[in-house]
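Below you'll find the structure, written out as structure tokens, and then a few comments.
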Amino acid sequence: MPKRNLTLSITPELSGLRLDKALATLPEIGTRSRAAKLINEDLVQLQKRSTKASYVTRLGDIFAIELPIR
């Protein structure tokens with residue numbers, strides 16, 4: 001399945017949020033459940049490492065996202 005690569009850089013507004021909630025702010029993702037699914041499928045990485053939906057974001061974190069094209 002083809003994928004689109006996205007990057008999410010954590011800004012002051014997103015800092016301190018759970019990762020799934022921060023990802024849901026992206027229009028391409030839109031919901032926490034979709035964000036959690038991407039995280040659980042290891043399609044979201046922080047510094048080339050898998051992470052969890054409950055991860056609390058920090059200012060300056062940069063997440064690489066492989067978004068399957070529907």
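For the reader, a short list of remarks on this structure follows.
- Applying the set (1) at pLDDT 95 or above; (2) open to solvent by 100 Å² or more (accessible area, probe 1.4 Å) to Q47 leaves exactly one unmet item: (1).
- Selection of region 55-70 for residues being in a loop (DSSP other than H, G, I, E, B) and within 11 Å of the chain's Cα centre (by Cα) yields Y55, T57, D61.
- All positions within region 52-70 that are in contact with a helix residue (DSSP H, G or I) (Cβ under 6 Å, 6 or more places away or on another chain) and either open to solvent by 50 Å² or more (accessible area, probe 1.4 Å) or not aromatic (F, W, Y) (or both): A53, T57
- Complete set of residues in region 16-41 that are open to solvent by 50 Å² or more (accessible area, probe 1.4 Å), under 10 Å from the mean Cα position of the chain (by Cα) and not basic (K, R): T25
- Residue pairs whose Cβ atoms lie under 7 Å apart, sitting 6 or more positions apart in sequence or on different chains, and linking a residue in region 36-64 that is free of Cβ contacts under 8 Å to residues at least 24 places away in the same chain and within 19 Å of S15 (Cβ to Cβ) to a partner that is basic (K, R) and open to solvent by 100 Å² or more (accessible area, probe 1.4 Å), are I39/K52.
The values are calculated or read from the model by the stated rules, or taken from the named source; none is laboratory data. Only a predicted model underlies this, so the values are computations on that prediction, with no experimental measurement involved. Please note: Cβ atoms are built from the backbone with ideal geometry, for glycine as well, and neighbour counts cover all protein chains shown. With ligands, DNA and RNA removed, areas are computed over all heavy atoms of the protein, side chains included. Shrake-Rupley method; radii C 1.70, N 1.55, O 1.52, S 1.80 Å.
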